[in-house]
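In what follows, a single structure is set out as structure tokens and then discussed.
What follows is calculated from the coordinates using simple rules that are stated; it is not laboratory data. Just so it is clear, the structure is predicted and the values come from calculations on it, not from any experiment. Positions of Cβ are generated from backbone atoms using ideal geometry, with glycine treated the same way; all protein chains shown enter the neighbour counts.
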Amino acid sequence: MPGPLRVLIVEDRLTDAELILRELRRAGFIPDWQRVDTEADFAASLHPDLEVILSDYSMPAFSGLRALEMLQEHGLDIPFIIVSGTIGEDTAVAAMKQGATDYLLKDRLTRLGPAVEQALEQGRLRRERQRSGEALRLFRALVDHSVDIFEVIDPETARFLDVNEKGPAELGLSRAEYLSLRVFDIDPTIAESDWPQIVAELRTAGSLSGEGRHRRKDGTTFPVEFNAKWVPIDGAYIVAAVRDITARKQTEAALIRAHEELETRVAQRTADLSAATAAAERANRAKSEFLSRMSHELRTPLHAILGFAQLLEAEGNTEEEADNLAQIIRAGNHLLGLIN
């Protein structure tokens, strides 16, 4: 769309440059311009901010083809339009093949505005494609270095159309071998007869996730978790991200075993504790019975001893006999206190 325009005019005649500027303004452009006519001035004026270069084909000290060559040597992507009064069709075609964006004659400058607009649009599209290509290359590099397998699948045939580097490396296959297979060739949990139903579910829901297995070239399998998306671009594709969950499954199995072992140990400890409690209760009852019997067996003869000693003490006794009886009574009462 016309508007401000940073333009470099390669022209040895100021009057011709003014005609070009007048035509640009008539087309709605607001030129921010500079005119050069020598190789040195052209080299000094080249800058990535330029939006278009308008160059005469032949000048006394310089030429349009040399200017185009220098532009390419600098690696700048700037539309280059040849505006000449003498160029022939064959020469113009040769210049286009060399990299010129367009050409027109000075006596037909009414086409200059549309030519510049078209050149600017082509440059914009070219830069967008370049950025898209760079973005795709970056995305591909990220996908290839992913820890997951990324697969692009044809829903009609179940064949793999593309896969990142992780896929063949994980399965021990070459890329060509991988792309020659179908989904159920590497996932034994999916039957070929189930594929139409899987595709129908994906088309309806847009995505599908779950668990399965992938088979390596040597026949061994490993558990995987997948997330598949229905991608309706230029037809339809299935894009699946597949992750090896062997470590997670091993961890889950270890946790289950640990839980079962813990339950077994708790049950055993509970049984042991119950047995110990019962044994302690039996021992406590036996102790009580023992103490009760011993108290009775000791008290009965001790009461008799004390009773007879007290009877003898009430009778007349010699001093030695009285001392002996007192000692018997003291010892008996001491023993009775211990029993109590």
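Using helices alone, I'd like the mean residue ellipticity at 222 nm for the chain: each DSSP H run of four-plus residues gives -39500 (n - 2.57), total over residue count, nearest 500.
-18500 deg cm²/dmol
Please list the three semi-axes, largest first and in whole Å, of the ellipsoid equivalent to the range 189-281, using sqrt of 5 times the eigenvalues of its alpha carbon gyration tensor.
One finds semi-axes of 49, 15, 11 Å for the range 189-281.
Stokes-Einstein diffusion coefficient for the range 196-340 at 10 °C in a medium of 1.306 mPa s, Rh from the Kirkwood formula over Cα pairs: what value in µm²/s?
Calculated translational D: 64 µm²/s.
Each residue of the range 265-270 in turn: what ³J(HN,Hα) in whole Hz from Karplus with 6.51, -1.76, 1.60 and θ = phi - 60°, glycine and Pro shown as x?
5, 5, 4, 5, 4, 5
So what J values fall out for the range 45-51 if you push phi through Karplus, 6.51 cos²θ - 1.76 cosθ + 1.60 with θ = phi - 60°, rounded to Hz, Gly and Pro as x?
Values per residue, Gly and Pro as x: 8, 5, 8, x, 6, 4, 9 Hz.
On the first, second and third principal axes, largest extent first, how far apart are the outermost C-alpha atoms of the range 68-112 in Å?
Largest to smallest, the principal-axis extents are 31, 21, 12 Å.
What FRET efficiency do you get for ARG13 and VAL93 if R0 is 30 Å and r is their Cβ-Cβ distance, rounded to the nearest 0.05?
0.75
Roughly what % antiparallel, to the nearest 5, for the DSSP beta bridges in the chain? Working shown, then result.
On the way: 27 of 45 bridges.
If we restrict to bridges inside the chain, about 60 percent are antiparallel.
With the Cα gyration tensor of the range 4-141 in hand, give its eigenvalues times 5 under a square root as the equivalent ellipsoid semi-axes, listed largest first in whole angstrom.
26, 17, 15
Please tell me the relative contact order of the chain in percent, rounded to the nearest whole number, where contacts are Cα pairs under 8 Å and at least six residues apart.
9
Starting at the first residue of the range 166-174, write each ³J(HN,Hα) from the Karplus equation 6.51 cos²θ - 1.76 cosθ + 1.60 with θ = phi - 60°, in whole Hz, x for Gly and Pro.
4, x, x, 5, 6, 9, x, 10, 7
Would you mind finding the longest exposed-site-free stretch of the chain, with exposed trypsin sites (Lys or Arg not before Pro) meaning DSSP loop and at most 14 other Cβ atoms within 10 Å?
With a cap of 14 other Cβ atoms within 10 Å, the longest stretch comes to 14-215.
Considering the values (i) 1.01; (ii) 2.59; (iii) 1.15, which represents Cα Rg over 2.2 N^0.38 Å as calculated for the structure under consideration?
Read-out taken from this structure: (ii).
If the cut-off is a Cα-Cα distance under 18 Å, which lysines reach LYS166, setting aside same-chain residues fewer than 8 apart in sequence?
Partners found: LYS217.
Scan around LEU161 for amide H atoms under 5 Å from its own, H built in the peptide plane at 1.01 Å from N, and keep only partners 5 or more places away or cross-chain.
For LEU161, whose amide H was placed from the backbone, the distant partners under 5 Å are VAL152, ILE153, ASP154.
Two decimals, Cα atoms only, Kirkwood Rh: what is Rg/Rh over the range 145-184?
0.95
For the chain, the longest stretch holding no GluC sites (Glu not before Pro) located in a DSSP loop with at most 14 other Cβ atoms within 10 Å is which?
Working: sites that count: GLU156, GLU315.
Excluding the exposed sites themselves, the longest stretch runs over 157-314.
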